[in-house]
Amino acid sequence: MPGGAVTTMGTVDARRIEAPVTFKTYLMCAFAAFGGIFFGYDSGYISGVLSMDYFIETFEGLDKANTPTDKFVIPSSRKSLIVSILSAGTFFGALIAGDLADWYGRRFTIISGCVVFIIGVVLQTASSTLGLLVAGRLIAGFGVGFVSAVIIMYMSEIAPRKVRGAIVSGYQFCITIGLMMASCVDYGTEHRTDSGSYRIPIGLQMLWAVILAVGLFVLPESPRFFIRKGRKEEAIDALARIRDQPRDSEFIQSEINEIEANYLYEIQVIPDEGYFNSWINCFRGNIFHPNSNVRRTVLGTSLQMMQQWTGVNFVFYYGTPFFTQLGTISNPFLISMITTIVNVLSTPLSFYAIEKVGRRPLLLWGAFGMVICQFLVAIIGVTDGQSPKAVSAMISFICIYIFFFASTWGPGAWVVIGEIFPLPIRSRGVALSTASNWLWNCIIAVITPYMTDADQGNLGPKVFFIWGSLCACAFVYTYFLIPETKGLTLEQVDKMMEETTPRTSAKWQPHSTFIDEMGLTDEKSTAVPQVTQHEV
Ligand code: BGC
C-alpha cells in the first residue's frame, strides 16, 4: 500500500465485468499513440542535419571547398548543445505537465503541448544561427515534454486492461516511425544546396503536432481524471464513449465504481493536502518496501534511466557521424536509415509479447540480447575495426541490438511506468519518470561526442563496452525490481504491489475488489461470474 503498510484483503471474489473491446475502442486508444510520432521525429532528424553540408556551411560559416574534411564538422561542444537542449526542455516540460494534467486534464495538457511545440518548430525553421536554433529546440522540447509525459498516462488510463500493454507499445511504435521518417526525410534533402536541406526536415514536424491536437480535441477526457476531480457523471460519459457502450450499461457502472472505490481507498492512505504535499507524497514511505510511494517513484525514474543507459540514442543521435568515423562506409546516412527501419519493424513484436510473455521476462530477455550484441560490436571493433568485413559485422550486430531494444525495452519501459502508480500520485509519478527519461537522454547526448569524437575521447567502437556493461546492469535491475503487471487493471496492479515482491508478482491473482474493501455495493458487478485472471 502506498505509504508502506500491507493491508489484509477481504475474501470476496474479485468479480467484475468488462466491456468487450470494440474496434472503436481500439481506434480511440491507438490514435493517442500518434503522439509518439513527433517524439521520435523531433529527436531523430537532428543526427542527419548535423552532417549536412549546407547546415555546416550556414551555422559554422565554413566553405566546404576550402576546408579540410576533418575540419568541416560541427565542433563537439556545439553538437552536444544542439542535440541535448531538446532533452533539457523536455525534462522541464514533463515535470510541469504532471501538474497541468491533474489541474486541467490530460487532453488539455497534450493539446497545449502541441501548441508550444509548434512555436518551437517555427523558430527552428526560421533559424540560420545557433542561438535561434537552440532556443527553438528548447521550446519545442517543452512541448514534447508535455506530450510524452501525459500521453502515456492518458493511454494507460483509457485502454482496456487486456490490451493496455499493446496499446502503449503502439506509442513506442509511433516513436520508431517518427525516427524513421526523420531519417528518410534527412536522406532525401541532405544533398540540397539551399536551406531546404535542413528547413524541410525541421518544418515538417508541425504537421504531426496539428494532427495530434485535432485528434485529441475529438477524443474524450480520461474518466480517471474526472473521478479524481469528483465529477462522476462526466467520468461515466467519458468511459461510455471510450468503451463504446451506453452510459447505463452494467459494464460502465461496474468499471467506474471500481475506479472510484480505488481512488477513495488511495486518498485515505495518501490524502491530497495541497500542492507541495502532492509532490512530497511521491517520496513517502519506506524505500525497502516494494509498495511504498517512494519505491514506485524510484522504480519509474530508474526504469527510464536504465532505458536510456542501453545506449540506444547513441545509434539514433550520433549514428551518422559514428558510421562516418568507421571509414569504409560509403553512405553513412543510408546505414542510419537502416537502423531506424529495423527499429520500426521490430517493435510490433512487442504488441503480442508484452501481453503474452509479460513485462518482466521481456525486459530480462531484451537486456540479455543487448549485452551480447554490444560486446560483440565492441570486440570486433577493437580487434579488426578497419576491414570492410568487420565493419559489416559490426553494423549487423548493431541492427540485432536495435531489434532487441525495439521489441523489449523500448515499449516495456513506457508500459510499466504507466501502470505502477496509484491514481493520487499517477500524474506526478509518470511525469517524474518521463522527466528522468529525458534527463538521461540529455546527459547521454551531451557526453557522447566527448567520448567518441576523434579529437576528444576517440573511443570509437569501444564505446559499446560501456553500453554493454550498462545493459548488464539493466538485466540485474529487472530481475530484482520489476514487478509483473500484465493482465491486471490499474487498480489490481495497485493491490498486487501491496501484496507481493517483484519476484513473486507474476503468480498473484486478483482476489478482491476495492468496492468490497471500501464496503461499497456494486450489485451489478457481483452478479456476473467472470473472474479476472493475472493472465490474458
Ligand atoms: C526512447 C527514446 C528512443 C526511442 C527509440 C524510446 O522508447 O525513450 O529515447 O529514441 O525509444 O526507438
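Would you point out which residue out of Gly215, Gly170, Gly188 is over 22 Å from Tyr154 (Cα atoms) and not β-branched (Val, Ile, Thr)? Answer to the selection: Gly188. Among all positions in the range 192-208, there is no residue which is crowded, with 23+ Cβ neighbours inside 10 Å, among the aliphatic types (A, V, I, L, M), modelled with pLDDT of 90 or more and more than 30 Å from Leu123 (Cα to Cα).
Here the range 301-328 is the region considered, the condition is being touching a Pro at 6+ places or on another chain (Cβ under 8 Å) and either of a type in the set (Ser, Thr, Tyr) or within 13 Å of the ligand (Cβ to nearest atom) (or both), and the residue that is farthest from Ala474 (Cα to Cα) is Thr328.
Based on this model, can you work out whether Val357 counts as closer than 30 Å to Lys495 by Cβ and more than 16 Å from the ligand (Cβ to nearest atom)?
Numbers: closer than 30 Å to Lys495 by Cβ: yes; more than 16 Å from the ligand (Cβ to nearest atom): yes.
So Val357 passes the test.
Within the range 345-374, being aliphatic (A, V, I, L, M), open to solvent by 30 Å² or more (accessible area, probe 1.4 Å) and closer than 29 Å to Tyr45 by Cβ holds for Leu345, Leu349.
Going by what's in this entry, would Val382 be described as closer than 19 Å to Lys462 by Cα, touching a Lys or Arg at 6+ places or on another chain (Cβ under 9 Å) and of a type in the set (Val, Ile, Thr)? Criteria met by Val382.
In summary, helices (runs of 4 or more DSSP H) completely within the range 255-365 and bearing 1 or more residues that are aliphatic (A, V, I, L, M) and at pLDDT 90 or above occur at 293-309, 312-326, 332-346, 348-356.
Let's see how each residue does on (1) surrounded by fewer than 24 Cβ atoms within 10 Å (Cβ to Cβ); (2) farther than 21 Å from Asn437 by Cα; (3) away from the ligand (no atom under 13 Å from the Cβ):
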residue	(1), (2), (3)
Gly131	yes, yes, yes
Val134	yes, no, yes
Ala140	no, no, yes
Val144	no, no, no
Ser156	no, no, yes
Arg161	yes, yes, yes
Gln172	no, no, no
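Among the candidates Ser76, Ser47, single out the residue that is closer than 30 Å to Gly35 by Cβ and in contact (Cβ under 8 Å) with a residue 60 or more places away in the chain.
Values: Ser76 fails: closer than 30 Å to Gly35 by Cβ.
Step by step, each of Ser76, Ser47 is checked, and only Ser47 is closer than 30 Å to Gly35 by Cβ and in contact (Cβ under 8 Å) with a residue 60 or more places away in the chain.
For the range 485-536, which residues satisfy the criterion of being at pLDDT 70 or above and surrounded by fewer than 16 Cβ atoms within 10 Å (Cβ to Cβ)? Thr501, Arg503, Thr504, Lys507, Gln509 - these are the residues of the range 485-536 that are at pLDDT 70 or above and surrounded by fewer than 16 Cβ atoms within 10 Å (Cβ to Cβ). Please determine, by comparing only the residues of the range 174-205 that are more than 15 Å from the ligand (Cβ to nearest atom) and among the small types (Gly, Ala, Ser), which one is nearest to Asp494 (Cα to Cα). Step by step, filter the range 174-205, then rank; the result is Gly203. Applying the condition of being of a type in the set (Val, Ile, Thr) and assigned to a helix (DSSP H, G or I) to the range 477-504 and asking which residue is nearest to Leu264 (Cα to Cα) yields Val493. The residues in the range 93-122 that are under 18 Å from the mean Cα position of the chain (by Cα), closer than 25 Å to Val49 by Cα and hydrophobic (A, V, I, L, M, F, W, C) can be counted, and the count is 2. Restricting the first member to the range 282-302 and to residues that are without any contact (Cβ under 8 Å) to a residue 24 or more places away in the chain, and the second to residues that are surrounded by 24 or more Cβ atoms within 10 Å (Cβ to Cβ), the beta-carbon pairs closer than 7 Å and six or more apart or on different chains are Phe283/Asn293; Phe283/Thr297.
Check the range 329-344 and report whether any residue there is in contact with a Lys or Arg (Cβ under 7 Å, 6 or more places away or on another chain), within 13 Å of the ligand (Cβ to nearest atom) and either open to solvent by 10 Å² or more (accessible area, probe 1.4 Å) or within 22 Å of Val163 (Cβ to Cβ) (or both). No: the range 329-344 contains no residue that is in contact with a Lys or Arg (Cβ under 7 Å, 6 or more places away or on another chain), within 13 Å of the ligand (Cβ to nearest atom) and either open to solvent by 10 Å² or more (accessible area, probe 1.4 Å) or within 22 Å of Val163 (Cβ to Cβ) (or both).
Can you report the number of residues in the range 393-451 which are of a type in the set (Gly, Ala, Ser), farther than 16 Å from Arg224 by Cα and away from the ligand (no atom under 16 Å from the Cβ)? Steps first, answer last, please.
Restricting attention to the range 393-451, the residues satisfying the condition of being of a type in the set (Gly, Ala, Ser) are 393, 396, 406-407, 410, 412-413, 418, 427, 429, 431, 433, 435-436, 445.
Still in the list and also farther than 16 Å from Arg224 by Cα: 393, 396, 406-407, 410, 412-413, 431, 433, 435-436, 445.
Restricting the remaining residues to those that are away from the ligand (no atom under 16 Å from the Cβ) gives 393, 396.
Qualifying residue count, the range 393-451: 2.
The values are calculated or read from the model by the stated rules, or taken from the named source; none is laboratory data. Note that the structure is a prediction, hence the values are computed from the model and not measured. Please note: Cβ atoms are built from the backbone with ideal geometry, for glycine as well, and neighbour counts cover all protein chains shown. Side chains included, ligands, DNA and RNA excluded: accessible areas come from the protein's heavy atoms. Shrake-Rupley method; radii C 1.70, N 1.55, O 1.52, S 1.80 Å.
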